[in-house]
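Student: Could you have a look at this structure, given as structure tokens, before my questions?
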Amino acid sequence: MNRRTFGLLCELLRSNGLKASGSLAVEEQVCMFLHTLSHHVKNRTIGSRVFRSGETVSRYFNLVLNRVLRLHDVLLRMPDPVPENCTDERWK
């Protein structure tokens, strides 16, 4: 993910109610969330990389996950159905 996309995601989550806490900025929360999902690592591993406890990582992972799930209308859309008379070979 490039920096611009990461920044847009953080702003989208921030506008949806994700707030910086006293110890973690929104960007750090989102970074821990994305790193956990993309590399399939445990809370303990993330905690040791960012010098946080596993409980803190778990708490902020769940906060970001809840905000992402609330944005499903914005982030996900239903695909357009392929019409029956479509002549494109990919859809036959």
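Student: What angle do you read, to the nearest 10 degrees and between 0 and 90, between the alpha-carbon axis of helix 26-39 and the longest principal axis of the chain?
Tutor: It is inclined by approximately 60 degrees.
Student: Counting only helical runs of four or more DSSP H residues, what would the 222 nm mean residue ellipticity of the chain come to if each run contributes -39,500 (n - 2.57) and the total is spread over all its residues?
Tutor: -18500 deg cm²/dmol
Student: Right, another one. When the Karplus curve 6.51 cos²θ - 1.76 cosθ + 1.60 is applied with θ = phi - 60°, which whole-Hz ³J(HN,Hα) does each residue of the stretch 43-58 get, with x for Gly and Pro?
Tutor: 4, 4, 5, 5, x, 6, 6, 10, 6, 10, 7, x, 5, 5, 4, 4
Student: State, as an integer percentage, the relative contact order of the chain based on alpha-carbon contacts under 8 Å between residues 6 or more apart.
Tutor: 24 percent
Student: What part of the accessible area of the chain, given as a whole %, is carbon or sulfur when the probe is 1.4 angstrom?
Tutor: The C+S portion of the solvent-accessible surface of the chain is 55 percent.
Student: Counting residues in the stretch 28-82 as N, plug N into 2.2 N^0.38 Å and put the Cα Rg over that result.
Tutor: 1.39
Student: Keeping every protein chain present and rolling a 1.4 Å probe, give me the accessible area per residue for the chain in Å².
Tutor: Roughly 79 Å² per residue, with all protein chains present.
The values are calculated or read from the model by the stated rules, or taken from the named source; none is laboratory data. Everything numeric here is computed off the predicted structure, so don't read it as measured data. Heads up: the accessible areas ignore ligands, DNA and RNA and are worked out on the full protein's heavy atoms, side chains in. Shrake-Rupley method; radii C 1.70, N 1.55, O 1.52, S 1.80 Å.
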